[in-house]
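Enquirer: Below is the structure I would like to discuss, written out as structure tokens.
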Amino acid sequence: MASDLLTAADVARGVCRLFVQAGLVAIPEVPLPNGRRTDLTAIDAKGRITIVEIKVSRADLHGDGKWPDYCDWCDHFYWALAAGLDPAILETPDYRPETSGLIVADRYGAAVVREAARCDLAPARRKAELLRIGRLAMRRSMVAADPDLAAGWGEGV
């Protein structure tokens with residue numbers, strides 16, 4: 001499947017399939033305390049947090065300057081590229097290939113091309129983030145079951 005036919009939702013689906021096999025659970029569109037919003041945030045059984053930034057086009061990849069803002073909020077950071085998208089730019093120093101991982105995905109699955117370096121969050125930040133992410137996931141589940149609950153309920157609650 002050509003990368004120009006893949007959407008971010010397709011790539012997220014493939015990454016989530018990979019994560020399930022690795023024992024991670026993920027949630028899309030997680031707002032961070034610094035005002036950024038992740039494409040995918042995943043948690044493993046030990047409470048380690050992985051953030052994934054999804055790119056489906058060359059222009060999107062070249063135009064991303066905000067991604068370093070995610071690194072203070074996770075133990076691992078990955079780029080997830082649509083299958084067929086050239087990952088060469090991610091080898092340049094601006095994209096920190098020594099720390100950022102690389103996943104290539106399509107709608108049906110994904111593969112880790114480069115592992116992300118591990119950068120352990122401070123225990124207090126990890127606890128706060130796990131609590132915040134857990135509450136966000138539960139809130140979304142409650143609203144999915146009863147949309148009337150969403151009235152007046154912002155993401156920060």
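Enquirer: Can you tell me which residue in the stretch 87-116 is modelled with the lowest pLDDT, limited to those that are over 19 Å from residue 26 (Cα atoms) and in contact with a strand residue (DSSP E or B) (Cβ under 8 Å, 6 or more places away or on another chain)?
Expert: 97
Enquirer: If we scan the stretch 85-92, do we find a residue that is surrounded by fewer than 17 Cβ atoms within 10 Å (Cβ to Cβ), closer than 20 Å to residue 43 by Cβ and free of Cβ contacts under 8 Å to residues at least 40 places away in the same chain?
Expert: no
Enquirer: So the check is Cβ under 9 Å with 6+ separation or different chains; which pairs have a first residue in the stretch 110-125 that's in contact (Cβ under 8 Å) with a residue 60 or more places away in the chain and a second one that's part of a loop (DSSP other than H, G, I, E, B) and hydrophobic (A, V, I, L, M, F, W, C)?
Expert: From the stretch 110-125, the pairs are 110/83; 116/74; 121/74.
Enquirer: Hey, residue 60 hits all of (1) surrounded by 14 or more Cβ atoms within 10 Å (Cβ to Cβ); (2) at pLDDT 85 or above but one; which does it fall short on?
Expert: Going through the list (1) surrounded by 14 or more Cβ atoms within 10 Å (Cβ to Cβ); (2) at pLDDT 85 or above, residue 60 breaks only (2).
Enquirer: Further question: Is one or more of the residues making up the stretch 119-129 part of a helix (DSSP H, G or I), of a type outside the set (A, V, I, L, M, F, W, C) and more than 22 Å from residue 66 (Cα to Cα)?
Expert: For the stretch 119-129, residues part of a helix (DSSP H, G or I), of a type outside the set (A, V, I, L, M, F, W, C) and more than 22 Å from residue 66 (Cα to Cα): present.
Enquirer: Ok, one more. Kindly check whether there is at least one residue in the stretch 38-57 that is charged (D, E, K, R), over 22 Å from residue 17 (Cβ atoms) and either surrounded by 14 or more Cβ atoms within 10 Å (Cβ to Cβ) or out of contact with any Pro (no Cβ under 8 Å at 6 or more places or on another chain) (or both).
Expert: no
The values are calculated or read from the model by the stated rules, or taken from the named source; none is laboratory data. The structure displayed is predicted, hence computed values, not measured ones. Here the Cβ is made from the backbone with ideal geometry for all residues, glycine too, and neighbour counts use every protein chain on show.
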